[in-house]
Amino acid sequence: MWSFLTSETHAQCCTYTITMQDTYGDGWNGGYLAVTINDVFITNASASGWGSSQSFTICQDDSLQLHYTPLDYENENIYQVYDESWNLVFADGPNPQTGFVFGTKGNCNSEAIEGSHPCLAFPVDTVQCVTADNTQMPGSGLNPYCADFKGSDVWFVMQAPPSGNVSFSTEGGDLTDTGLAIWAGRGDCTSLQRLACDDDAGADAYSFVSLFNLEPHQLLFIQVFGYGGATGACTLCVKDLGTVKLDSSELPIVTILTLGQQIPNEPKISAKMEIRYNGEGSITHITDAPNVYNGDIGIEVRGASSSGYPQTPYGLETRDSLGNNLDVSLLGMPEESDWILLSNYNDRSLIRNTLAQRLFADMGQYAPRQQLCEVMLDSVYKGIYVLSEKIKRDKNRVNIAKLNPEDAEGDDVSGGYILQQNYWDPSNSFQSNFSPIDHPEFDIHFVYEYPKPTDITAAQKEYIASFVDSLETALYSDNFADPDNGYRKYLDTKSFIDYFLVNELARSNDGFKKSVFFHKDKNSNGGKFKAGPIWDFDWAWKNMWGCSVFEATDGSNWAHHINDCPTDNYSCGYYIRLLQDSIFNAELRCTYEDYRQTILDTAYIFAYMDSVELLVQHAQERHFKKWPILGISGPAPEVGAVASTYAAEMDTLKAWIAERLEWLDLNIPGLCEMTTGIHQAEKDSPRITCSPNPTTGAFKIVIDHNQPRDAILEIYNILGQSILSFPVRTDDWEQEVHLREMGVFICVLRDDLGVKTATRVVVH
């Protein structure tokens, strides 16, 4: 049990307490508060670990003075001073004032206000909800640094349930916009560590926090407050989430054993992994023998913001018994050693990533292969994950040439490279010489993905920076649209169109600013700058607060205008310029129209979604019992009500996609007919068919007409350039054709009477 440190009687002398916190958890690194009473030195107070407290005695009307001496990392140091009744006397930090900071007279006659401080917290449990009313609360001064904290906080205390899994939520009342912070106490109410803080993850503007794998009976302090200092009453509910048992699944079962180790962000620790899967349409039992993988791995936490989700994402490396990388095939994916377990905590549909990757692959581009699975970590159920290939150079992944350290000139140094737009620092990136044309105030940086920043040589850095500079010089020149000397000399338009269409369909919040990949092969292998692979779609396919681009609920707006929003990383903005080229627009429009008949057909997309919904019908129940995020807006803050069942979430996503496609139908720029000036056939014209269509390159052209005529069949690329030509007879003619380039092509027939007709074929 805990005890409340209060005074029952007024006295001439009493106890004051200084509570101190360090946001990094390593104490104050030499900084301290000197306490003097009546000009007599009493003590030096300094935080240890995440936080600690120090008490001293002061008598009525004694003179109290505090002096603060800094040392290192002052931005981590915070403190509060309380009187005998836990009323806040003074608070400062982070970056506290230095020198003399505070003076007052001792007051031993103040009244304690229940619930105003962790040491005066109201008891709460998981049995029933309680009322939190901050109307008369003076404020503890303990700032959780979220939800615009301005004080007037109410405190509750409890012990973690035996399951170690618990959720906290604020609900209805006249205080309708709340903040909620959870703190861990190290055996008392003064040495606290903040575990979580939330603003709007609950319904409407209420708050929601879930914590997992807590020590049973661990002391938890719950802080409830109004956004920006708002006051009123609301309801606090605490729920024991219990434990989830996995016996069998329609999905692959991944079991990881760390032997009691903590998994760090880096480096990878050694662990064991087993994968069981009896195939599509079969049930796999946790007791089945591992039939996909049974061996050693390295594992680490991965991701930026996602690494802080309760369902943690991981990076994996399959290894042999000596700890060396071991290439293996997992669940039908080509052999490799690097894999990723993507969290679904921010994706209640369980499909946002896999749907995007499927569409990009259908377009003929490389997309990381992915497989939904259920994961057990050290005998604890962790929910549904996406087992995914990691983006890297490999013949079965980003298929570009290998760069060796000695490759320093000529064709050798020209590829391959993988670059990324993402969070950067001077050691892992280079800065572009150009800014986005719509935001000349922004600096653009490209991060070295392959070779890694630690491996890329000076000559290779110089080459790829120079190549990007040449591309951007051409892109932003007056004759940028010239097919020979403009941007097309350097940039692969097909990949940029496909990348654009998937990210715009999903209206991806990240797709144009971070997790943005580009790659380039050797010049002898084509050597153009290509967009992709695509990545990171858990913040996509939804309406989100934060910017008008993504808040629209009518399916509108362009995601590539991300630089117009408050953003954590700037987009290079290439599409702003590319869409000023009428030929690019025409190519984009033609590609989109053809995809709408096939892979972007609404029914095609919905059929895939239905197949996933059927596949996870039982697994999703376990997942959402483990992670009770249905009906919860977060971590991506969504506009409007959030679906409270999995079926409703899928229906909501379908409605969103249908509306988005309708908007794109009306707003994709360009006119397909503009590319060649070729029109569709008249009623009595010969009929041309191409099959299969779309194709991977090989297809048959058949011409059917009741009048035999001499004619010429020509195949044009999207730029209107003739690439193949055949003499034909219109009454009975067919031809096998092989095209080596991807894109949209137009087959045009002109007969000896001047009649012409055309059809399109998509190669991917």
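Rule-based calculations on the coordinates, nothing more; no lab input. No experiment lies behind these values; they were computed from the predicted model shown. Don't worry about glycine lacking a Cβ; one is built from the backbone with ideal geometry, like all the others, and counts go over all protein chains shown.
Collect residues whose amide H, placed 1.01 Å from N in the peptide plane, falls under 5 Å from the amide H of Gly226; neighbours closer than 5 in sequence don't count.
Those lying under 5 Å, H to H, from Gly226 are Gly179.
Could you list, in their original order, any pairs among Lys402/Lys528; Lys452/Lys520; Lys514/Lys654; Lys395/Lys700 whose Cα atoms are separated by more than 20 Å?
Table pairs above 20 Å Cα-Cα are Lys514/Lys654; Lys395/Lys700.
Report the full-extension gain for the segment Thr126 to Ser163: residue separation times 0.36 nm, less the Cα-Cα distance, to one decimal in nm.
12.1 nm
Using a Förster radius of 41 Å, what is the FRET efficiency between Asp61 and Cys237 based on their Cβ-Cβ separation? Nearest 0.05, please.
After rounding, the FRET efficiency stands at 0.35.
Between Thr696 and Ala465, what FRET efficiency comes out of the Förster formula 1/(1 + (r/R0)^6) with R0 = 30 Å and r the beta carbon distance, rounded to 0.05?
0.30
Helix by helix, which DSSP H runs in the chain go 15 Å or more along their axis at the Cα atoms and have an average Kyte-Doolittle hydropathy of -0.5 or more?
Taking the DSSP H segments of the chain (at least 15 Å long, mean hydropathy at least -0.5), we get 458-475, 493-505, 602-615, 646-667.
Say each of Thr602 and Leu661 gets a label point 7 Å from the Cα, pointing the same way as Cα to Cβ; how far apart are those two points in nm?
For Thr602 paired with Leu661, the spin-label model returns 0.7 nm.
If you plug each phi of region 722-727 into the Karplus form 6.51 cos²θ - 1.76 cosθ + 1.60 with θ = phi - 60°, what whole-Hz ³J(HN,Hα) values come out, in order, with x for Gly and Pro?
Listing the rounded values in order: 6, 10, 9, 8, 9, x Hz.
Using the beta-carbon distance between Ala289 and Thr98 and R0 = 51 Å, what value does 1/(1 + (r/R0)^6) give for FRET efficiency, to the nearest 0.05?
Using R0 = 51 Å, I get an efficiency of 0.20.
Starting from the eigenvalues of the Cα gyration tensor, five times each then square-rooted, give me the equivalent ellipsoid semi-axes of the chain, largest first, whole Å.
Semi-axes (√(5λ), whole Å): 59, 28, 26.
Go through Ala201, Leu142, Val130 and say which Cα lies farthest out towards the positive end of the charge dipole of region 118-240; charges sit on Cβ, +1 for Lys and Arg, -1 for Asp and Glu.
After comparing all options, I get Leu142.
Which order do peptides 352-361, 373-382, 35-44 fall in by mean Cβ count within 10 Å, highest first?
Result, highest mean first: 352-361, 373-382, 35-44.
Go through Lys494/Lys530; Lys392/Lys530; Lys150/Lys239 and tell me which ones have a Cα-Cα distance over 18 Å in this structure.
Beyond 18 Å: Lys150/Lys239.
Two decimals is fine: what is log10 I(q)/I(0) at q = 0.14 Å⁻¹ for region 13-105, from a Debye sum with one equal scatterer on every Cα and no solvent?
The Debye formula, applied to the Cα set alone, gives -0.44.
With θ set to phi - 60° and the Karplus curve 6.51 cos²θ - 1.76 cosθ + 1.60, what are the ³J(HN,Hα) couplings of region 386-396 in order, to the nearest whole Hz, using x for Gly and Pro?
9, 7, 10, 5, 8, 5, 6, 6, 5, 4, 9
Under the rule of at least 5 residues apart or a separate chain, name every residue whose amide H is placed under 5 Å from the amide H of Leu403.
Hits under the 5 Å cutoff: Gly416.
For region 547-655, what does the alpha-carbon gyration tensor say about shape, rounded, prolate or oblate, given a ≥ b ≥ c as the root eigenvalues, a/c under 1.5 as rounded, and a/b over b/c as prolate?
Oblate is the answer for region 547-655, as a/c is 1.5 or above yet b/c matches or exceeds a/b.
Residue by residue through region 541-551, what is 3J(HN,Hα) from phi via Karplus (6.51 cos²θ - 1.76 cosθ + 1.60, θ = phi - 60°)? Round to whole Hz and write x for glycine and proline.
Residue by residue, region 541-551 yields 6, 6, 9, 10, 5, x, 6, 4, 4, 9, 8 Hz.
Under a Cβ-Cβ cut-off of 11 Å, what is the net charge of the residues other than Phe212 that fall near it, where Lys and Arg count +1 and Asp and Glu count -1?
+2
Long-range amide H contacts for Tyr490: which residues qualify at under 5 Å (H placed 1.01 Å from N, peptide plane, sequence gap of 5 or more or a different chain)?
none
Among the Cys residues of the chain, which have no other cysteine Cβ under 4.7 angstrom away?
Within the chain, the cysteines lacking a partner Cβ under 4.7 Å are Cys234, Cys373, Cys572, Cys690, Cys747.
What length, rounded to one decimal in nm, is gained on full extension from Trp545 through to Gln735, with 0.36 nm per residue of separation minus their alpha-carbon distance?
63.0 nm
Quote the convex hull volume per residue of region 356-495, based on C-alpha atoms, as a whole number of Å³.
In region 356-495, the Cα convex hull volume per residue is 182 Å³.
Assign one of three labels to region 280-385, namely rounded, prolate or oblate, based on the Cα gyration tensor with a ≥ b ≥ c the square roots of its eigenvalues; rounded applies when a/c is under 1.5, prolate when it is not and a/b is larger than b/c, and oblate otherwise.
rounded
Under 18 Å between alpha carbons, and skipping anything fewer than 8 positions from Lys272 in its own chain: which lysines qualify?
Lys382
What share of the DSSP beta bridges in the chain is antiparallel, in percent to the nearest 5?
Of the beta bridges lying entirely in the chain, close to 95 percent run antiparallel.
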